[in-house]
1. With the crude spin-label approximation of a point 7 Å out along Cα→Cβ, what separation in nm comes out for Asp153 versus Gln11?
2. Under 16 Å between alpha carbons, and skipping anything fewer than 8 positions from Lys39 in its own chain: which lysines qualify?
3. Rounded, prolate or oblate for the stretch 1-114? Axes are the square roots of the Cα gyration tensor eigenvalues, ordered a ≥ b ≥ c, and the cut-off for rounded is a/c under 1.5.
4. All other residues with a Cβ under 13 Å from the Cβ of Asn28 taken together, and with Lys, Arg as +1 and Asp, Glu as -1, what is their net charge?
5. Which entry in (1) 65, 55, 49; (2) 106, 52, 42; (3) 86, 50, 46 is this structure's computed Cα extents along the principal axes in Å?
6. Taking 8 Å as the Cα distance limit and 6 or more residues as the minimum spacing, I'd like the relative contact order of the stretch 50-162 as a percentage.
7. Arrange the residues Asp301, Asp368 by how much accessible surface each exposes, largest first, with a 1.4 angstrom probe.
8. In this model, which of Lys200/Lys463; Lys223/Lys474; Lys133/Lys413; Lys63/Lys133 are farther than 32 Å apart at the alpha-carbon?
Amino acid sequence: MVARCTTVAFQGIQAVPVDVQVMVAPGNVGMSIVGLADKAVAESRERVQAALHASGLSMPPKKVTVNLAPADLPKEGSHYDLPIALALMAALGAVPGDALDNYVVMGELALDGSIAGVNGALPAAIGANTLGKGLICPAASGPEAAWADPEMDVLAPHSLIAMANHFKGTQLLSRPLAGVRANDKSHGDLADIRGQETAKRALEIAAAGGHNLLLVGPPGSGKSMLASRLPSILPPLEPRELLEVSMIASIAGTLADGRLSSARPFRAPHHSASMAAMVGGGLRARPGEVSMAHNGVLFLDECPEFTPQVLDSLRQPLESGETVIARANHRVSYPSRLQLIAAMNPCRCGMAGEPGHTCRRGARCAADYQARLSGPLLDRIDLRVEVPAVSASDLMKPTPGEASETVANRVAKARRIQADRYQRIENCDVRINAQISNTIIEHVAAPDQPGQTLLQEAAEALKFSARGYHRILKVARTLADLDGAETVGRIHLAEAISYRTAGQRLTQAA
């Protein structure tokens with residue numbers, strides 16, 4: 001007799017159906033698992049046998065063969081324990097043979113028969129819903145699985161015994177409630193920052209249009225403090241964005257208690273991060289920091305201290321919004337539409353250009369340090385702002401600066417304008433200026449005549465690249481949205497160009 005149930009294998013954030021087939025037949029006593037299983041899946045044999053014994057069900061004195069089909073698809077992870085156990089119980093008659101037909105099953109078994117939480121419950125639930133089936137998952141993973149569809153049948157048992165009793169009708173499992181996590185309020189407020197009005201203005205523009213930002217200044221000028229306040233002025237995730245972010249977090253195992261949050265991701269890796277940590281990889285091609293920052297912010301403090309290979313690996317995700325991890329035996333793609341915020345000192349000693357300071361190494365100190373950022377990477381940064389040291393008069397100001405709530409309202413208004421504009425454009429799936437295509441931005445950000453004249457003169461004098469030209473238009477469009485203007489004017493282009501040329505010396509050094 002062959003019993004079956006369905007589970008999933010993960011390719012990126014996509015759940016691929018896997019057919020679990022269990023046959024109990026005469027032969028040498030034992031249990032074998034076939035179907036290109038990795039070490040964790042092969043070890044399911046011991047966990048399943050121990051869990052069944054603890055649940056009062058003995059293994060039959062026969063040969064048990066488990067096949068995971070399709071056989072040429074790699075199977076990784078411990079979530080195959082529960083589907084193997086339930087299919088075996090169906091083969092032995094411990095649960096009704098057709099009870100598993102309408103479910104996708106996933107979960108890891110402990111030796112005492114309890115079911116431990118696993119990664120990927122949300123993508124698995126979405127995949128099950130696509131197949132028109134319900135989901136059986138661990139109780140710890142139930143709150144995130146419940147987000148897939150409010151009408152979907154989700155069972156989240158604590159143990160094998162609870163699952164068997166549910167199918168027998170002696171114990172009914174209720175549907176888990178979708179978990180919600182309170183938004184993190186630890187990012188601080190812009191009112192805490194004294195002075196730095198230019199940098200705060202650039203931070204507002206970056207938040208309104210999703211633009212990349214580079215902060216350059218001496219140690220202690222407040223670069224990291226400014227960047228850490230960016231989440232406080234960003235709008236919450238939209239439902240579609242929330243689903244994408246949560247699916248990546250589910251695969252990575254970073255959803256706390258299976259609860260989702262509408263707060264945008266803010267990732268700040270240390271400068272010792274490897275390329276695999278940054279863009280993803282490893283044995284199972286896990287998502288990296290750029291994917292974990294999808295629809296959020298990736299903050300690189302002390303940016304030149306990252307290795308050049310790691311920094312240049314960001315170029316493709318910044319341009320395409322996608323990270324592709326290619327290996328000899330598989331290819332995985334993760335969404336990576338992120339906003340890059342970088343901070344750096346002007347030189348190794350950190351004081352280049354400061355009044356009264358003379359570097360012993362001269363101009364070479366700044367040139368060598370700034371050259372660690374390649375020209376192509378700098379070309380993808382829309383706003384470049386110098387953050388000077390804070391003066392004593394700024395610190396002694398009696399009144400605080402503008403609060404994050406006030407700035408966030410202006411940012412939200414500008415984003416609503418952008419969303420309404422791009423919703424009216426056919427086949428346009430983005431909602432902010434920084435992510436719009438060059439063809440569309442040339443149309444929606446066409447400047448008036450004085451602005452066109454200024455842009456042409458600046459392009460000829462400053463030798464903008466094609467990418468730089470379009471990014472200036474995008475920033476100018478965001479400035480017009482913040483002002484509530486229909487047309488991009490000369491004043492908007494002048495400010496956009498000033499942010500581009502503020503880092504001109506960096507481009508020349510690189």
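1. So the label points at Asp153 and Gln11 sit 2.8 nm apart.
2. Lys75
3. Details: a/c = 1.43, a/b = 1.42, b/c = 1.01.
Rounded shape, in that the Cα axes give a/c under 1.5.
4. On the way: positive: Lys62, Lys63; negative: none.
After counting each charged neighbour, the total is +2.
5. Here Cα extents along the principal axes in Å agrees with entry (3).
6. Values: 170 pairs, mean separation 27.5, N = 113.
Relative contact order comes out at 24 percent.
7. Details: Asp301 45, Asp368 70 Å².
Largest accessible area first, the list is Asp368, Asp301.
8. Values: Lys200/Lys463 28 Å; Lys223/Lys474 24 Å; Lys133/Lys413 40 Å; Lys63/Lys133 30 Å.
Result: Lys133/Lys413 exceed 32 Å.
The values are calculated or read from the model by the stated rules, or taken from the named source; none is laboratory data. On a predicted model such as this, the values are computed, not experimentally measured, just so you know. Please note: Cβ atoms are built from the backbone with ideal geometry, for glycine as well, and neighbour counts cover all protein chains shown. Heavy atoms of the whole protein, side chains included, go into the accessibility calculation; ligands, DNA and RNA do not. Shrake-Rupley method; radii C 1.70, N 1.55, O 1.52, S 1.80 Å.
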